[in-house]
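Reviewing the structure listed below.
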């Protein structure tokens, strides 16, 4: 048995154990509620508080986490009764999804609720309940087979083996289709078998992703290319983490040369405050390689002025402890000094392939020293 | 009464009212029909009230020619089971203006019976038909009159007078008048309806021209205590009234004729004995306490004349000169005028001065006015700068004016006596409201008596919420002296007080189903107009109305918040009943169980709390008088 196969088996075993723990977690919560009702008591449970005051930055974990304060949710409180029921239904629904290995999306959850006479005023209310379930179980919604609507994509020499029902054991090489493969539940849960790539390049925009495929960046730089489609969805971050952790691939990130781009990179690296209740979504070793504010000057990129909200965002991020040192701090300061920003497409000024021919090699080289 | 008449002697009162009939509410066929109904119904109710009879009032309006378009002649008949009117009074009572029995100072729906004669007058003017009056005072004989009014002479013209045997007491008045029922119908029906609310002890039946019958049986069998006629309060008086009171308090020196002598002898028990002067005086002294004023005056005169009855019959008193203490008389026997001196120290002298000069001020005040005691009277005399013993008969015109002014200004008189008022009472009012509106909440209050300008008044008020009451409230039912007020609502003091209330503060929101019943009782309601439809905003009355409404509103607020809490609890219970089973369903599958947990225990602990309504009034069977 090859080493990689052995490893894959282990991973598979791990994945099954993970599913088991998730189901057990849901069951234990359900049992607790059941017991309360059986005893003639109003069911209740505690949930980590997600209020701003309870979100703290953990330097050791290098991400935001929730503090110790919890909130009690009780069915006795008539104001909470509705959301209590909604959460119970969601747990029940997630339990079915997980058990039957079926996938759903945020929107699908919202519409499915109607079949059970569960009322959500709108999708944002049901999205919020999904976050509640994440907080109670400390599991990302993807573990319950609930995915966001938007899909990012992946391209490169990576062999995978599906684990979803009906495709078990089926293999796929992710460089067979030039448009790339969308990162959905089947891909996120697939076993990563092997790869010839030596690096993962996460890129913010679909346009550049297509250019990179056309320019065969995967072959030229032995890389797996991932389009994050703006802020990387959870599933994409999960996949990035797995590529890093399981395949031992370094991850670099290319974004637009603005404050939002910088933060997209930061979220991949160390998560977001919104997901402070979740761990294992971060790739702490991921490296942001551009476009930096300093690159704007260095490469004399065409720029547009920053908007008021861009500038406000800069000041906001300066208060974030993760922006207190290194390039994060430095680039933020330069953005504030320039008050201008540049898109990845700005390199087109020097020719359509300039970014892959000139800029990317330089940055890849630089990444080794970061 | 005679002095009131004198004021209009230049033209006849009938003529006066004929040319000013708008004042009394007879301005057009619509309003006139309504006013006529009111006047007759109120007269009927007043007559029954005064004799403590449970009223049965039957109102009928019939078109003379139903096919004619309005306005057209109608026959209006109001029949009651009251005491009836003596046959000898009927022509004057129904055939002259300003004749009536309601002259005392007490609460009554109408004054002087003026309105009824106005209606008769209006009927005659518009249709030239006589009023038909049927009356029985003894439940044996009924007198039936057909009377026309001679407007210029203010005299009745009897066209027909018949009698017949009958078994019931009561009065029936029927007139023919020009009216517009299609327009006045709503108001008349409202009037009958609202009257039966404030007169719960009366049975009122209305047969309308369209053949509809409105029957409002009594639901209270106790008639409220009738008001008593009382003396006036010093604050509610004027110079003219004082002058008349003084006249009433003075006595003429009685004519000493054979008849009078006979009376004195009889009262002294000396009809058959001829005693000497001294013996007469001794006898009189013994019997003094039981003697009438007239007899006392004769005895007093006798004491100075020093005569026996024989001699007394032969003289005539010419003059009683009190200041000079002389008594002049004509002696028929000697055919000459004679004079005797009067001893001012004699008790008989005092008796005579009282008679001639009237009572001392303090006596006048304590005897002729309500709520004035000897101490207050002396204090007042000092305040008004009069000697307490000042004789009322000796007051000059200027002194009379000063006295009248001072009576108004003196603040130490007690509040007016309210025994002349006849409020309905909290219990009958509440019963009426509950019967009429079947509400979820009722509260009533009767304020203590208060007074404005010397006229006592009492405010009664009721408030009700929910039940059969239609939304869009507050609906205000205004009453004054048990009369519903239907017109000119906008300018009424009650409406003003209601509109000034911030109902949100009392937890009454939106389009609330609630009513307010307001009843003002007074010896004189300060109406803004002669039509008696809206009460003027006298400060004292407004204050009482406000206090009554505040009291009731607070009770309503307590009910509303209780209601709100109960509704909330019910809502909450409904929420539990909806969601708990769902939670149970989901957690059963989640926990991997087959059977749902027994969550009923929780729901049972949460039985929804019903809103406590106050529908406790038992439906009472209508009580018919026998």
Problem set entry | Whole-angstrom gap from segment A:334-362 to segment B:473-490, using each part's C-alpha centre | 86 Å
Problem set entry | Inter-site label distance for residue B:568 and residue A:357 at 7 Å from Cα along Cβ, in nm | 7.5 nm
For this session: Find the centroid of the Cα atoms in segment B:146-161 and in segment B:553-607, then give the distance between the two in whole Å.
Result: 79 Å
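Ranking A:105, B:501 by Cβ neighbours within 10 Å, fewest first, what do you get?
Details: A:105 19, B:501 16.
Exposure proxy ranking, most exposed first: B:501, A:105.
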For this session: Report the full-extension gain for the segment residue B:22 to residue B:405: residue separation times 0.36 nm, less the Cα-Cα distance, to one decimal in nm.
Result: 134.5 nm
Exercise. In angstroms, what radius of gyration and Dmax does the protein assembly as shown have, counting Cα atoms only?
Worked result: 52.5, 175
Exercise. How do the peptides A:276-283, A:168-175, B:350-357 rank, highest first, by the average count of neighbouring beta carbon atoms within 10 Å per residue?
Worked result: A:276-283, B:350-357, A:168-175
Seminar exercise, completed: With R₀ set to 45 angstrom, the calculated FRET efficiency between the beta-carbons of residue A:76 and residue A:325, to the nearest 0.05, is 0.40
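Can you give the calculated 222 nm mean residue ellipticity of chain B, where each DSSP H run of n ≥ 4 adds -39,500 (n - 2.57) and the sum is split over every residue, rounded to the nearest 500 deg cm²/dmol?
Numbers: 19 runs with 241 residues, N = 626.
Estimated from H runs of four or more residues: -12000 deg cm²/dmol.
Suppose R0 equals 51 Å; then what is the FRET efficiency for residue B:138 and residue B:427 from their Cβ-Cβ distance, rounded to the nearest 0.05? Intermediate values should be presented prior to the final figure.
Working: r = 34 Å, r/R0 = 0.68.
It comes out at approximately 0.90.
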For this session: Show that you can apply the helix-only estimate: for chain A, add -39,500 (n - 2.57) for every DSSP H stretch of four or more residues, divide by all residues, and state [θ] at 222 nm to the nearest 500.
Result: -14000 deg cm²/dmol
Exercise. If each of residue B:511 and residue B:261 carries a label point 7 Å out from its Cα toward its Cβ, how far apart are those two points in nm?
Worked result: 9.0 nm
Exercise. How many Cβ atoms of partner chains, on average, are near each residue of B:572-585 if near means within 10 Å of its Cβ?
Worked result: 5
Exercise. Relative to the first principal axis of the alpha-carbon coordinates of chain B, what is the inclination of helix B:539-590, with its axis defined by its Cα atoms, in degrees from 0 to 90 and to the nearest 10?
Worked result: 20 degrees
Problem set entry | For chain B, the spread of Cα positions along each principal axis, largest first, Å | 139, 63, 47
Exercise. By how many degrees, between 0 and 90 and to the nearest 10, does the Cα long axis of helix A:360-369 differ from the longest principal axis of chain A?
Worked result: 70 degrees
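How much FRET efficiency would the formula 1/(1 + (r/R0)^6) give for residue A:274 and residue B:561, where r is the Cβ-Cβ distance and R0 is 41 Å, rounded to 0.05?
Plugging the Cβ-Cβ distance into 1/(1 + (r/R0)^6) gives 0.45.
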Problem set entry | Compactness relative to 2.2 N^0.38 Å, alpha carbon Rg of segment B:147-261 | 1.79
For this session: Classify segment B:465-506 as rounded, prolate or oblate, taking a ≥ b ≥ c as the square roots of the eigenvalues of its Cα gyration tensor: rounded when a/c is under 1.5, otherwise prolate if a/b is larger than b/c and oblate if not.
Result: oblate
Exercise. Peptide B:596-603: average number of partner chain Cβ atoms within 10 Å per residue?
Worked result: 5
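Decide, for segment B:251-357, between rounded, prolate and oblate: order the square roots of the alpha carbon gyration tensor eigenvalues as a ≥ b ≥ c, take rounded if a/c falls under 1.5, and otherwise choose prolate if a/b is larger than b/c, else oblate.
Numbers: a/c = 1.63, a/b = 1.17, b/c = 1.40.
In terms of gyration-tensor shape, oblate.
Tell me, A:89, A:288, B:503 in order of fewest to most beta-carbon neighbours within 10 Å?
Sorted ascending by nearby Cβ count, the order is B:503, A:89, A:288.
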Exercise. If all Cα-Cα distances of segment B:458-535 are sorted into 5 Å bins from 0 onward, what percent lands in each bin, rounded to whole numbers?
Worked result: 3, 15, 25, 24, 17, 10, 6, 1
Exercise. What's log10 of I(q)/I(0) for segment A:1-158 at q = 0.08, 0.14, 0.18 Å⁻¹, Debye sum over Cα points only, no solvent?
Worked result: -0.30, -0.85, -1.25
Seminar exercise, completed: Expected sort for A:221, B:26 with the fewest Cβ neighbours (10 Å cutoff) up front is A:221, B:26
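No value in this document is a laboratory result; all are computed from the given coordinates. Fair warning: this is a prediction, and the values are worked out from it, not measured in the lab. We place every Cβ from the backbone using ideal geometry, glycine too, and count neighbours over all the protein chains shown.
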